[in-house]
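Structure first, commentary second.
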């Protein structure tokens, strides 16, 4: 079920909807954060901190646009706070290794990250729909939710995901998207 619909049901007192809502948020948040914070315990702390904030506040807020967008913003704020605090202490953040307090921009992981972001931008320029579907999948949306949002059948979704992945692989190898 859609996060925004679950939030409305939970707000109206449906305990099972609230349980399902937070189970869904937890799964999506873990996927989202673990790709940005490599230390699993730290990632879990950020997720739990965000969920706690959401649980404390979501019943008092009247969402005019999207509960989902607000929830992801809470998560993003918690993650940025964590990353800012960690980098000030000079810790290793997983994506980039810090040497003498500076990013090691010559590391293989930084090069791959830079190339991947460039390829994602190229994909978005040439095949925006493919990029959007890939992004929704990356954020942890279920197949049913993506199909509903994008007006696709399951078969068509799997085809688009396969093509998008192939385009990214080709771009990483050759530097261009066809």
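Yes or no: region 96-114 includes at least one residue that is surrounded by 15 or more Cβ atoms within 10 Å (Cβ to Cβ), modelled with pLDDT under 85 and either assigned by TED's automatic domain parsing to the domain that holds residue 38 or part of a helix (DSSP H, G or I) (or both).
Within region 96-114, one or more residues are surrounded by 15 or more Cβ atoms within 10 Å (Cβ to Cβ), modelled with pLDDT under 85 and either assigned by TED's automatic domain parsing to the domain that holds residue 38 or part of a helix (DSSP H, G or I) (or both).
Here is a yes/no grid of residues against (1) surrounded by 15 or more Cβ atoms within 10 Å (Cβ to Cβ); (2) assigned to a helix (DSSP H, G or I); (3) modelled with pLDDT of 90 or more:
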| position | (1), (2), (3) |
| --- | --- |
| 4 | yes, yes, no |
| 19 | no, yes, yes |
| 23 | no, yes, yes |
| 46 | yes, yes, yes |
| 49 | yes, yes, yes |
| 55 | no, yes, yes |
| 72 | yes, yes, no |
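For residue 141, all conditions in the list (1) over 22 Å from residue 35 (Cβ atoms); (2) in a loop (DSSP other than H, G, I, E, B) hold save one; what is the number of the exception?
Checking residue 141 against (1) over 22 Å from residue 35 (Cβ atoms); (2) in a loop (DSSP other than H, G, I, E, B), the one that fails is (1).
Yes or no: residue 123 over 23 Å from residue 27 (Cα atoms) and surrounded by 15 or more Cβ atoms within 10 Å (Cβ to Cβ)?
yes
Within region 55-69, how many residues turn out to be closer than 19 Å to residue 145 by Cβ and in contact with a helix residue (DSSP H, G or I) (Cβ under 8 Å, 6 or more places away or on another chain)?
So the count comes out to 4.
Can you pull out the residues in region 57-67 that are under 18 Å from the mean Cα position of the chain (by Cα) and at pLDDT 85 or above?
Hit for region 57-67 is 67, nothing else.
The values are calculated or read from the model by the stated rules, or taken from the named source; none is laboratory data. These numbers come from a predicted model, not from an experiment. Cβ sites come from the backbone with ideal geometry, for glycine too, and all protein chains shown count toward neighbours.
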